[in-house]
1. How about region 230-261: which of its residues are of a type in the set (S, T, N, Q) and modelled with pLDDT of 95 or more?
2. Check region 317-335 and report whether any residue there is closer than 30 Å to A213 by Cβ, touching a strand residue (DSSP E or B) at 6+ places or on another chain (Cβ under 8 Å) and not assigned by TED's automatic domain parsing to the domain that holds A94.
3. Only one of (1) assigned to a loop (DSSP other than H, G, I, E, B); (2) not assigned by TED's automatic domain parsing to the domain that holds A88 is not met by A187, so which one is it?
4. With the condition kept exactly as written, say whether any residue in region 56-73 is assigned to a helix (DSSP H, G or I) and either at pLDDT 80 or above or farther than 30 Å from S317 by Cα (or both).
5. Residues that are under 27 Å from the mean Cα position of the chain (by Cα): which helices (runs of 4 or more DSSP H) entirely in region 377-454 hold 3 or more of them?
6. Assigned to a strand (DSSP E or B), over 30 Å from P153 (Cβ atoms) and in contact with a Gly (Cβ under 8 Å, 6 or more places away or on another chain) - does that describe any residue in region 195-205?
Amino acid sequence: MGSMANTLGLAHSGICTRTAKAKPGEYAEITRETSASESPEAVTCVRFRSWRPQLNTISLYAEKGAIGSVSNTPTSPADLRIPSLDPALVRAWAQEAGFTEAGLVALPHPADARDAARFEQWVLAGRAGSMHYLERRAEDLQLVRARAGTPFPWAHSAIVCFASYHSAQPLSLDPARPGAGWIARYAWTSRKDAAGQQRPSDYHKVLLRRLKALETRLRTEFDPFEARAYVDTGPVVERSLATAAGLGWTGKNTCLIHPRLGSFGFLAVLLTSLEVRQDRPQLTVPDRCGSCRRCLDACPTRALDAPYQMDAARCISYLTIEHKGPIAEQLMDGIGRQLFGCDICQDVCPWNRKAPISADPDLAPRPELVNPALELLAQLDEPAFERLFNGSPVRRAGFQGLRRNLAIAIGNCGQQQFASLLEPWLAAADDGLRAAAQWAIAKLQTAENQPNQP
């Protein structure tokens, strides 16, 4: 389903979300934290420190517009009476830093309260699965991630950047050789090193470097100001900010959909204390999903149980990446051959059919991760796993987690010759791997004993 922070609308797609560790002088001080198992009434509280007053806070924008779909003519700050930044100039600087697109929005944005209420409802309904960090609350009991103003009261603007990872490689639903697994395309990323060798690249690090370059460019014009850069690592809901910034709309699959670039893209956010001039209304992209429900009908685990509604506890991306331990047997069939993440709801989306192919050299696909052979991956020991996936998002699943996912995929592939790969895992210390191996062997045996249908 693409990157989880975009897919789930958490930090997408998509799921590599974790709270950045607070350093001295940074935004948060954890005052009390309990796991859900300790007490159902326990509430995680975070105390936020106020930032020092800004000496020369200035207007960041000369005007506001819909960035990404609407072209604006840049205006040089030297041409303005008051130091300010034109949205097209910010967009141009973001693209110079390597992003495909960028949007700008003042905080709090017009839909801030609505989006915060929706996030609260989603969390309270238990749809976050075991991602308990999403339940953390501030001293006023507001969810930390519900709105940017809670952890960052100094934030007056957000620059939301989009980096496409769309490639010409096959889709997950395209025909593949027997015994092939699937790794979500966002995790294929690679780049060439100084010696010209293709190496795995972690999109978090790639995009964070670009955000820092953009921040540096801003500081040449507008320092001093406060700023924080996040790529799936901070208490922000990137998808909501991207929608508010005019980068697209939230689709029925809960992903951000850009009208030209589609949904195969990473989101990165730069929060600043700079003001946005309010001389024009913020333009947003209207919902263009219409009556289409391809994503809902295609979801094999029914995680998309209603338009614009995602139950993370049933989402294949969540189950194969974030969830630790055994996976419910009733969901294993639906996981199919997915080993890490899932692209199904995006593969069927019409808006991705005409989306341009990305030529980003730092996010190029690794051919060996496209339709990888289950047998070869199952034979990896832990050192070989580390060598293959060092610097790759796949490491987030962990060695045992990937083996658990492999066991399920092997059971679903129906290839009897792979049963011997599962047998050693029946004695695994890891509960999730052991349960998956038991289920897979039983499924292969059932398929073998069934009479051939005429």
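The values are calculated or read from the model by the stated rules, or taken from the named source; none is laboratory data. All figures in this text were calculated on a predicted structure; none of them were measured in a lab. Glycine gets a Cβ as well: all are built from the backbone with ideal geometry, and neighbour counts include every protein chain shown.
1. The answer is S240, T243, T250, N253, T254.
2. yes
3. The single condition A187 does not satisfy is (1).
4. Residues of region 56-73 assigned to a helix (DSSP H, G or I): none.
No: region 56-73 contains no residue that is assigned to a helix (DSSP H, G or I) and either at pLDDT 80 or above or farther than 30 Å from S317 by Cα (or both).
5. By residue number, 382-389, 399-413, 431-449.
6. Residues of region 195-205 that are assigned to a strand (DSSP E or B), as a first pass: 198-200.
This time we only want the ones that are over 30 Å from P153 (Cβ atoms), so: 198-200.
Subset that is in contact with a Gly (Cβ under 8 Å, 6 or more places away or on another chain): 199-200.
Yes; the residues of region 195-205 include at least one that is assigned to a strand (DSSP E or B), over 30 Å from P153 (Cβ atoms) and in contact with a Gly (Cβ under 8 Å, 6 or more places away or on another chain).
Each row is one residue, and each column tells you yes or no for (1) surrounded by 15 or more Cβ atoms within 10 Å (Cβ to Cβ); (2) basic (K, R); (3) out of contact with any strand residue (DSSP E or B) (no Cβ under 6 Å at 6 or more places or on another chain).
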site	(1), (2), (3)
A113	no, no, yes
W122	yes, no, yes
R127	yes, yes, yes
H132	yes, no, yes
D140	no, no, yes
A146	yes, no, yes
T150	yes, no, no
W154	yes, no, yes
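This table checks each residue for (1) crowded, with 19+ Cβ neighbours inside 10 Å; (2) among the polar types (S, T, N, Q).
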{"position": "W182", "(1), (2)": "yes, no"}
{"position": "D193", "(1), (2)": "no, no"}
{"position": "Q198", "(1), (2)": "no, yes"}
{"position": "Y203", "(1), (2)": "yes, no"}
{"position": "R209", "(1), (2)": "no, no"}
{"position": "T220", "(1), (2)": "no, yes"}
